[in-house]
1. With the requirement that a residue be assigned to a strand (DSSP E or B) and more than 23 Å from Ala157 (Cβ to Cβ), what does the range 38-59 give you?
2. Within the range 196-204, is there a residue that is at negative phi, of a type in the set (D, E, K, R), assigned by TED's automatic domain parsing to the domain that holds Ala24 and outside any helix (DSSP H, G or I)?
3. Which one is surrounded by the most Cβ atoms within 10 Å (Cβ to Cβ), of the residues in the range 43-83 that are among the basic types (Lys, Arg) and closer than 21 Å to Val184 by Cβ?
4. Given the criterion modelled with pLDDT under 95 and not assigned by TED's automatic domain parsing to the domain that holds Gln111, identify the matching residue among Gly40, Gly70, Gly31, Gly59.
5. Kindly provide the set of residues from the range 108-126 that are out of contact with any Leu (no Cβ under 6 Å at 6 or more places or on another chain), under 15 Å from Lys190 (Cβ atoms) and of a type outside the set (Val, Ile, Thr), ordered by number.
6. Which of the helices (runs of 4 or more DSSP H) found entirely inside the range 107-175 contain at least 3 residues meeting this: in the same structural domain as Tyr186 (by TED's automatic domain parsing)?
Amino acid sequence: MHDDRHEFAESRLTTRHGEFRAIAFREYDGGPEHLALVHGDPTGVDAPLVRMHSECLTGDVFGARRCECGAQLSIAIEAVVHAGRGVIVYLRGHEGRGIGLLAKIRTHVLQDEDGLDTVDSAVALGLPVDVRDFGAAAAVLRHLGIGRVRLLSNSPAKVEALTGHGIAVTELVPVLEPADEHNVRYLTAKRDRLGHVLPQVDTAADAPRGHTATGY
């Protein structure tokens with residue numbers, strides 16, 4: 001499918017999870033370079049599993065426990081491989097819901113020292129709560145010939161965002177990391193302030209170790 005706004009480069013990528021097509025892409029006029037990992041033939045079903053994953057250096061790379069980002073990425077990749085097909089869209093420039101790494105680290109200080117949550121700590125610094133744009137994810141899905149997806153996410157707002165860019169979401173498939181003493185404040189804020197569907201927050205005291213995924 002032709003796209004005169006974006007440029008794409010593709011290769012094969014072998015990972016510890018399995019084989020993928022790695023598609024790097026960005027807008028021609030600049031901006032962040034993103035990556036889509038495509039497993040199997042996602043066009044072989046009506047609505048393949050898709051994860052739109054916002055970059056989180058501290059969680060994805062270094063395994064930070066205050067958020068569940070790294071665990072969600074692993075869960076989503078495992079779900080796609082288990083299904084035999086699907087797409088992981090890794091969106092760069094989304095650090096801290098779009099405020100950047102420096103600002104995100106500054107919000108951590110306010111959370112640790114002043115007890116603010118992830119929303120109020122951004123507001124206290126005069127920053128927006130969420131400035132992410134998911135248009136790039138929609139662009140690469142169209143490039144792949146995908147117009148309908150089962151979205152691996154706990155956020156109804158992501159359904160609205162992707163739908164607004166012309167991609168139909170047939171199902172919101174939960175990606176649940178157990179709540180514990182390290183992430184329960186963050187998960188509670190995401191549930192209560194940002195509308196995420198996180199039923200495990202209420203059972204944090206009984207949460208088992210490790211991660212779980214449902215819906216596939």
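The values are calculated or read from the model by the stated rules, or taken from the named source; none is laboratory data. Remember, predicted model here, so these are calculated numbers, not experimental data. Methodologically, a virtual Cβ is constructed for each residue, glycine included, from the backbone with ideal geometry; neighbour enumeration extends over all protein chains shown.
1. The answer is Val38, His39.
2. So the first thing to find is which residues in the range 196-204 are at negative phi, and the list is 196-204.
This time we only want the ones that are of a type in the set (D, E, K, R), so: 202.
When the remaining residues are screened for being assigned by TED's automatic domain parsing to the domain that holds Ala24, the result is 202.
Restricting the remaining residues to those that are outside any helix (DSSP H, G or I) gives none.
The answer is no; no qualifying residue exists.
3. Restricting attention to the range 43-83, the residues satisfying the condition of being among the basic types (Lys, Arg) are 51, 65-66.
With the extra rule that they be closer than 21 Å to Val184 by Cβ, the set shrinks to 65-66.
Values: Arg65: 15, Arg66: 17.
Looking at the filtered set, the residue picked out is Arg66.
4. Answer to the selection: Gly31.
5. Hits for the range 108-126 are Gln111, Asp117, Asp120, Ala122.
6. Fully inside the range 107-175 and qualifying: 135-143, 156-164.
Yes/no matrix, rows are residues, columns are (1) in a strand (DSSP E or B); (2) under 19 Å from His94 (Cα atoms):
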residue: Asp4; (1), (2): no, no
residue: Glu7; (1), (2): yes, no
residue: Glu10; (1), (2): yes, no
residue: Leu13; (1), (2): yes, no
residue: Arg16; (1), (2): no, no
residue: Phe20; (1), (2): yes, no
residue: Ile23; (1), (2): yes, yes
residue: Pro32; (1), (2): yes, yes
residue: Ala36; (1), (2): yes, yes
